[in-house]
Amino acid sequence: MTWRIDPSHTSVEFAVRHMAIATVRGRFRSVSGTVETAEDGALRQVEATIEAASVDTGEPQRDAHLRSADFFDADRHPYLTFRSTSIRPRQGGRYEVTGDLTIRGQTRPVTLEVETVGPISDPWGNRRAAATISGTINRKDFGLTYNQALEFGGVAVGEEVRFTIDVEAVAQQQAA
């Protein structure tokens, strides 16, 4: 079965160290994609696309900097993409999903923890399912190398980026 990611009920959030002492959080406001499941509901395939220019940390100057060539280079690389390459079932609707993540034209394998929920029928007769996805990447692996050394020995932007994605998806109607 094919499920379409519902962007109005999906959030892509990230967190990274700032000045070695605090955490800055942000999100991407534009995401799309599909999820494939087997007849029994088991996860089979995941594809997602995030618009780099939709980054939002609540601070316009920082957001403009993140869109610039110092970070996402959104003009030249407008999308971050993920495509699963293997899915290992765990217990209780949990999966270990490995796939190819592309940021700034750099593609690297990443492994994500996924916990699924559903499916259910909404009041309008649509089948919906959800998942929470979490993982960590090193931003330098994807060419996001900008930084500034600090006087006390740290750096302005941490290398490790933690993220959480809460996805709601709607089953696509099957052709008759």
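The values are calculated or read from the model by the stated rules, or taken from the named source; none is laboratory data. This structure is a prediction, so every number in the text was calculated from the model and none was measured. Here the Cβ is made from the backbone with ideal geometry for all residues, glycine too, and neighbour counts use every protein chain on show.
Being without any contact (Cβ under 8 Å) to a residue 60 or more places away in the chain and under 19 Å from Phe163 (Cβ atoms) is true for just one of Gly105, Gly58, Gly92. Which residue is that? Show your work before the answer.
Details: Gly105 fails: under 19 Å from Phe163 (Cβ atoms); Gly92 fails: under 19 Å from Phe163 (Cβ atoms).
The match here is Gly58.
Each row is one residue, and each column tells you yes or no for (1) more than 18 Å from the chain's Cα centre (by Cα); (2) more than 18 Å from Glu36 (Cβ to Cβ).
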| position | (1), (2) |
| --- | --- |
| Tyr79 | no, yes |
| Phe82 | no, no |
| Glu96 | no, no |
| Asp100 | no, no |
| Arg108 | no, yes |
| Leu112 | no, no |
| Ile120 | yes, yes |
| Pro123 | yes, yes |
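Condition check ((1) under 22 Å from Ala52 (Cβ atoms); (2) part of a strand (DSSP E or B); (3) out of contact with any Ser or Thr (no Cβ under 8 Å at 6 or more places or on another chain); (4) at pLDDT below 95) across all residues:
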{"site": "Ser86", "(1), (2), (3), (4)": "no, yes, no, no"}
{"site": "Tyr95", "(1), (2), (3), (4)": "no, yes, no, no"}
{"site": "Leu112", "(1), (2), (3), (4)": "yes, yes, no, no"}
{"site": "Arg128", "(1), (2), (3), (4)": "no, yes, no, yes"}
{"site": "Ile137", "(1), (2), (3), (4)": "yes, yes, yes, yes"}
{"site": "Lys140", "(1), (2), (3), (4)": "yes, no, yes, yes"}
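What residue, of Ala74, Ala38, Ala52, is farther than 19 Å from Ile165 by Cα, aliphatic (A, V, I, L, M) and surrounded by 18 or more Cβ atoms within 10 Å (Cβ to Cβ)? If you could, list the steps in order and put the result at the bottom.
On the way: Ala38 fails: surrounded by 18 or more Cβ atoms within 10 Å (Cβ to Cβ); Ala52 fails: farther than 19 Å from Ile165 by Cα.
Result: Ala74 is the single residue among Ala74, Ala38, Ala52 that is farther than 19 Å from Ile165 by Cα, aliphatic (A, V, I, L, M) and surrounded by 18 or more Cβ atoms within 10 Å (Cβ to Cβ).
So which residues in segment 14-30 are surrounded by 14 or more Cβ atoms within 10 Å (Cβ to Cβ) and in contact (Cβ under 8 Å) with a residue 60 or more places away in the chain?
The answer is Phe14, Ala15, Val16, Arg17, His18, Met19.
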